[in-house]
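Written out below as structure tokens is the structure these notes cover.
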Amino acid sequence: MKRWDADQESVAETPDLAALAALLADRTRAAICMALLDGGAWTAGELAEYAAVAPSTTTEHLNLLVSGGLLAEERRGRRRYVRLAGPETAETLENLAGLAPYRRVPVRSLAEANHRRALHHARTCYDHIAGALGVAIAAAMTERGLLARDYGLVLTVSGANWLTALGISDAGPSVARRAHVRTCLDWTVRRQHLSGAVGAALYRHALEHGWIAKAVTTRVLTVTATGRRAFRDRLGLPDEALYPSPALGPPRT
């Protein structure tokens, strides 16, 4: 057996959780990451306007987030775009937001109040449905036996047949590249919504068939009249899951 030489140089790798926490400890960087949960690619100028900070400051933050692995960048001509590094990054951010304490922020207009209500009700989380609507979908699929809890959620045979009946292939191109069924801890109500390849496929189906509509410049999703009928018929969702709540903000815990 080879003896250990105390003077011999050696290196081991271990997760640096503190480094990740430091990236998100700055409120501007955290706000940038939350904005990019829309799944799109933003320019530094767009993010500077969103975060209300100087473009030079935004660039410094983006460089840190890219080098830290949370964001990926691409060039389109002379423009630099950034997006989240991938769906796993989005799920991690949403889970962290679900664990984070609530912070009071001023609401200065009726339009802002309405936007926040809509955001809490239904929004994108990268490439799947989040908010109270997303939580209601996951709960209804579980209650109907389409999903089952077995060391996390799994798609049942009934669930696979249900997807096929909707016209959703259970072997879509993204399935091979990511987890089939996953969940995120939703920060709206601190319960789980459906993510993973199945969650992404259901979101695409709902968008393509006009069940939901998404504006270009926001994460907010609106359930259409067609969507309300479809969610009632397909999953038995109650009306309170299909409309924004009149109450602003998440429930106190």
Might you let me know whether segment 43-55 holds any residue that is within 16 Å of the chain's Cα centre (by Cα) and either assigned to a loop (DSSP other than H, G, I, E, B) or of a type in the set (A, V, I, L, M, F, W, C) (or both)?
no
What's the total number of residues in segment 204-245 that are open to solvent by 50 Å² or more (accessible area, probe 1.4 Å), polar (S, T, N, Q) and within 26 Å of residue 164 (Cα to Cα)?
2
Within segment 77-105, the residues that are open to solvent by less than 80 Å² (accessible area, probe 1.4 Å) and outside any helix (DSSP H, G or I) are 77, 80, 81, 82, 83, 84, 85, 86, 100, 105
All-but-one check, residue 40 against (1) without any contact (Cβ under 8 Å) to a residue 24 or more places away in the chain; (2) part of a loop (DSSP other than H, G, I, E, B); (3) not acidic (Asp, Glu), failing number (1)
Residue within segment 94-102 that is in contact with a Gly (Cβ under 9 Å, 6 or more places away or on another chain) and at pLDDT below 90 present
yes
Identity of the residue in segment 127-155, of a type in the set (Val, Ile, Thr) and open to solvent by 30 Å² or more (accessible area, probe 1.4 Å), that ends up farthest from residue 83 (Cα to Cα)
142
Which residue pairs have Cβ atoms under 7 Å apart, sit 6 or more places apart or on different chains, and have a first residue in segment 64-76 that is outside any loop (DSSP other than H, G, I, E, B) and a second that is open to solvent by 60 Å² or more (accessible area, probe 1.4 Å)?
66/73; 71/83; 72/83
Contacts under 6 angstrom Cβ, first residue in segment 144-164 being closer than 21 Å to residue 191 by Cα, partner open to solvent by 40 Å² or more (accessible area, probe 1.4 Å) and of a type in the set (A, V, I, L, M, F, W, C), 6 or more apart
148/154
Which residue pairs have Cβ atoms under 7 Å apart, sit 6 or more places apart or on different chains, and have a first residue in segment 118-134 that is at positive phi and a second that is among the hydroxyl-bearing types (Ser, Thr, Tyr)?
131/188
Determine which single condition residue 67 fails, assuming it passes every other condition in (1) within 22 Å of the chain's Cα centre (by Cα); (2) at pLDDT below 95.
(2)
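Within segment 27-45, can you find the residues that are open to solvent by 50 Å² or more (accessible area, probe 1.4 Å) and over 24 Å from residue 129 (Cβ atoms)? Walk me through it before giving the result.
The first filter runs over segment 27-45 and keeps only residues open to solvent by 50 Å² or more (accessible area, probe 1.4 Å), leaving 27, 34.
27, the sole residue that qualifies.
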Inspect all residues belonging to segment 5-16 and state whether any of them is over 21 Å from residue 215 (Cα atoms), in a helix (DSSP H, G or I) and free of Cβ contacts under 8 Å to residues at least 40 places away in the same chain.
no
On the basis of being among the small types (Gly, Ala, Ser), touching a strand residue (DSSP E or B) at 6+ places or on another chain (Cβ under 9 Å) and either more than 28 Å from residue 159 (Cα to Cα) or open to solvent by 50 Å² or more (accessible area, probe 1.4 Å) (or both), does residue 118 make the cut?
yes
Checked pairs for segment 187-202, first closer than 19 Å to residue 161 by Cα, second charged (D, E, K, R), C-beta under 6 Å and 6 or more apart or across chains, list as 195/91; 195/182; 196/182; 197/178; 200/127
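The values are calculated or read from the model by the stated rules, or taken from the named source; none is laboratory data. Worth saying up front: this structure is predicted, and the values here are computed from it rather than measured. Neighbour counts are summed over all protein chains in view; Cβ atoms, including those assigned to glycine, are modelled from backbone coordinates with ideal geometry. Surface accessibility is based on the protein's heavy atoms, side chains included, excluding ligands, DNA and RNA. Shrake-Rupley method; radii C 1.70, N 1.55, O 1.52, S 1.80 Å.
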